[in-house]
1. Heavy-atom accessible area per residue, segment 24-85, 1.4 Å probe: how many Å²?
2. Show that you can apply the helix-only estimate: for the chain, add -39,500 (n - 2.57) for every DSSP H stretch of four or more residues, divide by all residues, and state [θ] at 222 nm to the nearest 500.
3. Let me know the charge dipole size of the chain about its Cα centre in debye, to the nearest 20, where only the beta-carbon of Lys, Arg (+1) and Asp, Glu (-1) is charged.
4. Report in % the part of the accessible area of segment 96-183 that belongs to carbon and sulfur, leaving out ligands and nucleic acids; probe 1.4 Å.
5. Per the Kirkwood formula on distinct C-alpha pairs, the Rh of segment 93-187 is how many angstrom?
6. Report the Rg/Rh value for segment 55-149, based on alpha-carbon coordinates and the Kirkwood definition of Rh.
7. Of Ser50, Ser133, Ser26, which has the largest mean-square fluctuation in a 10 Å C-alpha GNM of the chain?
8. Obtain the radius of gyration and the Kirkwood radius of the chain from its C-alpha atoms and give Rg over Rh.
Amino acid sequence: MDAANNSEMRPVPTERVATEIRDGGSPTLNAMFRSWGAPDPLIVVDPAESDMRESRLVTLLRYWRGMPKVKDLPNCEDLDPIDITSTLGIVMLLEVLETGDDYRYLIYGQEIAERFGRNMVGQRTSDIPTHPSVTALFLACYRVVIETRRPILTEHSAPPQVSATSWRRLVMPLAGKGGQVERILVGNIPGTWRNPS
């Protein structure tokens, strides 16, 4: 499949995958990844620091936990990039659009852009030219983070046109003044370098 041709992609079963993730796994998502020879993605809801396996993700998780709160979540207005300069290359900040069905990239770290092959600032998650399994993973995890108000850690294989073999992502909700999730902070660590096909 040519992942750059989004018009050929099937609709993403976001709600079904989100429900499965909340229930402890996702057979639908696993089957989608297996369809192109990739292993099942790792998904950990409310991960511990010991799950991170990467110091920059630990730094982000500690920062998120220590931010001033609105109700039970960190306040998105208190996010200050100066406080997390050591992680900025792997940080994405997303704006929640409409009813949480899509997301716009406000920040897209340089390390991520270099490994993915493009900068997604200003674009939507649904616009990413990738395999539908990856889009399903992103959209469903963002939905679960909004609904559960808890972080999620994922690791998944990347399609062959990406110069990273995999991505390890920490996804964390940020609330606006009213307490609703308005932004999503993501730490995104690329796996081993490879020449994209």
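1. On the way: 3370 Å² over 62 residues.
Per residue, segment 24-85 has 54 Å² of solvent-accessible surface.
2. On the way: 5 runs with 53 residues, N = 197.
That calculation yields -8000 deg cm²/dmol at 222 nm.
3. On the way: 22 positive and 25 negative charges, 43 e Å.
Using only the charged Cβ atoms, the result is roughly 200 debye.
4. 45
5. Numbers: mean 1/r = 0.0737 Å⁻¹.
For segment 93-187, the Kirkwood estimate is 13.6 Å.
6. Working: Rg = 13.8 Å, Rh = 14.5 Å.
Here the Rg-to-Rh quotient is 0.96.
7. Maximum fluctuation in the GNM of the chain, among the listed residues, is at Ser50.
8. Values: Rg = 15.7 Å, Rh = 16.8 Å.
Rounded to two decimals, Rg/Rh equals 0.93.
The values are calculated or read from the model by the stated rules, or taken from the named source; none is laboratory data. None of these values were measured; they are calculated from a predicted model. Positions of Cβ are generated from backbone atoms using ideal geometry, with glycine treated the same way; all protein chains shown enter the neighbour counts. When the accessible area is computed, the model is the full protein with side chains, heavy atoms only, and any ligands, DNA or RNA have been set aside. Shrake-Rupley method; radii C 1.70, N 1.55, O 1.52, S 1.80 Å.
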